[in-house]
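S.K.: Sharing a structure, written as structure tokens. Questions coming.
The values are calculated or read from the model by the stated rules, or taken from the named source; none is laboratory data. Given the structure is predicted, the values throughout are model-derived calculations rather than measurements. Because the Cβ atoms are built from the backbone with ideal geometry, glycine has one as well, and the counts that use them run over all protein chains shown.
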Amino acid sequence: MNRKWNIRTDHTVIFVLMIFVLIYRMKASYPFPLDWYLQKTVFVFLILASIMIRKITQNLVAYKLGDINFKINSQKIWNPLFMIDWIGILPFILLGYGWAKPIGSKKATQGDNVWIRFQIIGSGFISTLIFAFVFKWLSHQTEGISLTLAAYMKDFAILNANYFLFSLLPIPPLDGWLLFKALQRGKVKLTIDEIYGYSFLLFMFIIKFQEVIFPGPLSRLLLQWI
């Protein structure tokens, strides 16, 4: 009972800190013009698209590799409610990178075949990186048609590059942590305790060291050759 209280407290503290960061970052722009609301709305849709592309890819690979859970509950492959982490989406909006729910495939988290685990988890990284490259290329191709459309495509490319780089960190609940556990042949119990045991540390890391790890400069370096 006490542990459950600690976990809820952990989540509450992170949520409150995120809100304070949001208020601090937004106050310089107040009052917000109409374009600001449009930009933020589009950005939220881009975030959701990035998350869904990654998670659907992982779920489909798990399904094709014979995950019984996904064969029985196939709606999990398409339902975005099974993909979004409502705490992880906040740093996406505030900082441009964040996380989704870890994949629920037992073949990815508890299977004995390391190669299958790598295929399922790694497919998310690959899909995110491919979309980053594709949309960076498309942003160049559409500049002559619409600068606004080109700008949104560039934002989507950078967002996916950010997502790719940040999720490489071996900290729960990021996919880099799942890869690390797979390499160790360690089984992952996807309980709230194990997923969010380090969530406060993760929050402090992305806030304190965002100048170092912030994928903005890194993602631009990753994409600049296209």
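S.K.: Looking at (1) at pLDDT 75 or above; (2) in a helix (DSSP H, G or I); (3) over 20 Å from the mean Cα position of the chain (by Cα), which is the only condition GLY66 fails?
M.R.: (2)
S.K.: Looking at the structure I just gave you, is TRP99 aromatic (Phe, Trp, Tyr) and either under 30 Å from THR41 (Cβ atoms) or in contact with a strand residue (DSSP E or B) (Cβ under 6 Å, 6 or more places away or on another chain) (or both)?
M.R.: So TRP99 passes the test.
S.K.: Out of all the residues in region 106-128, which are among the hydrophobic types (A, V, I, L, M, F, W, C) and closer than 13 Å to TYR63 by Cα?
M.R.: Passing the criteria: ALA108, ILE116, ILE120, ILE121.
S.K.: Inside region 76-183, counting only helices (runs of 4 or more DSSP H) that do not spill past its ends, which hold 2 or more residues that are surrounded by fewer than 19 Cβ atoms within 10 Å (Cβ to Cβ)?
M.R.: Values: elements: 89-95, 106-109, 114-141, 147-166, 175-183.
Hits in region 76-183: 89-95, 114-141, 147-166, 175-183.
S.K.: If a residue must be over 15 Å from the mean Cα position of the chain (by Cα) and β-branched (Val, Ile, Thr), how many such residues does region 99-129 contain?
M.R.: 4
S.K.: Applying the selection to region 167-176, what residues are of a type outside the set (D, E, K, R) and either in contact with a Gly (Cβ under 9 Å, 6 or more places away or on another chain) or touching a residue at least 60 places away in the same chain (Cβ under 8 Å) (or both)?
M.R.: Narrowing region 167-176 to residues of a type outside the set (D, E, K, R): 167-174, 176.
SER167, LEU168, LEU169, PRO170, PRO172, PRO173, LEU174 - these are the residues of region 167-176 that are of a type outside the set (D, E, K, R) and either in contact with a Gly (Cβ under 9 Å, 6 or more places away or on another chain) or touching a residue at least 60 places away in the same chain (Cβ under 8 Å) (or both).
S.K.: Looking for something more than 30 Å from VAL16 (Cβ to Cβ), at pLDDT below 80 and out of contact with any Ser or Thr (no Cβ under 8 Å at 6 or more places or on another chain) - is there at least one such residue anywhere in region 96-117?
M.R.: no
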